[in-house]
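Here you go, one structure.
The values are calculated or read from the model by the stated rules, or taken from the named source; none is laboratory data. It should be emphasised that the depicted structure is a prediction, and the values quoted were computed from it without experimental measurement. Because the Cβ atoms are built from the backbone with ideal geometry, glycine has one as well, and the counts that use them run over all protein chains shown. What goes into the accessible areas is simple: the full protein's heavy atoms, side chains included, and nothing from ligands, DNA or RNA. Shrake-Rupley method; radii C 1.70, N 1.55, O 1.52, S 1.80 Å.
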Amino acid sequence: TGAYSRELYNAIRQTMEDGTSEKPAYTMVSKEDYSAVKNLLGRLDGLYWYKHFVPPTLSNYWQYLDYFAVSAASPDEYQAVLKFIQPAIDTAGQMETDQKKVEYLNNYLCTLLEYDPNAVAAVTEVFAPRSGILKGSCGTYARAFNLLCQAADIPCFAIRTQTHSWNLVYADGAWGHVDVSSNDHSRRSGILLTGALPSR
């Protein structure tokens, strides 16, 4: 959207470094763009959950409608998730380019899931030891890939339509579409940092 920019993404991601619910990061957002930015926050959920946050110390918030504070929190149950994915994140971190990291994380996620349009799995199920095959829909893949990319310090957010979900990823200076569920289902990386939208 017009409201979305790299600067806004950076402001939101900065909450990972210095933002908490007590001390949020903030940026300036015009009143007309508030709903678009709030929608975007939900699509960034992965390792961190982002929320529009009104600081309790700002009693006259209504006078500053372009002040947009963002809090970030990682659920306690994600500690086990982080421990599970750490070897993959370490491997990705040794790669030379973001593109190679993204390709590796795409392939890694494909080893953990099997595509089923009617199955739903939480990221705590995807990134956990288990026996047997775990199935997931496109939304499962998109949420899990958000988390992987955030853990690898690669900007990523989910795109959702009424029928499909995938990710937009910032790698090596450019945004590209990554559709891990389609890549897994087709057994080839047809939508991996491409400029074209998925066909479904």
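Quick one: how many Å² of I89 are accessible to a 1.4 Å probe, rounded to 10?
I89 has an accessible surface of roughly 20 Å² with all protein chains in place.
For S186 and K31, what does the FRET efficiency come to when R0 = 30 Å and r is the distance between their Cβ atoms, rounded to the nearest 0.05?
Efficiency, rounded to the nearest 0.05: 0.10.
Using θ = phi - 60° and the Karplus form 6.51 cos²θ - 1.76 cosθ + 1.60, what ³J(HN,Hα) does each residue of segment 155-164 get, whole Hz, x for Gly and Pro?
Computed from phi, the couplings for segment 155-164 are x, 7, 8, 8, 10, 10, 10, 5, 10, 7 Hz.
Using every pair of alpha-carbon atoms in segment 59-191, split the distances into 10 Å bins beginning at 0 and state the percent of pairs per bin, rounded to integers.
11, 40, 32, 11, 5, 1
Return the Cα extents of segment 124-200 along principal axes one, two and three, sorted largest first, each rounded to a whole Å.
38, 28, 24
Lysines within cross-link reach of K100: Cα-Cα under 26 Å, excluding same-chain residues under 8 positions apart?
K100 reaches K83, K135.
Through the Karplus equation 6.51 cos²θ - 1.76 cosθ + 1.60, θ set to phi - 60°, convert the phi angles of segment 136-146 into ³J(HN,Hα) values in whole Hz; use x for Gly and Pro.
Calculated HN-Hα couplings, in order: x, 7, 4, x, 4, 4, 4, 5, 5, 6, 3 Hz.
A follow-up question, please. Give me, ordered by chain and number, the residues 5 or more places off L193 or on other chains with an amide H under 5 Å from its own placed amide H.
Distant-sequence amide H within range of L193: H177, V178, D179.
May I pose another question? Work out how far the C-alpha atoms of segment 70-113 reach from end to end along every principal axis, then list the three figures in whole Å, largest first.
The principal-axis extents, from largest down, are 30, 26, 16 Å.
Continuing with this model, one more query. Quick one: check the C-alpha center-to-center distance for segment 90-107 versus segment 148-186, whole angstrom.
Distance between centres, Cα-based: 14 Å.
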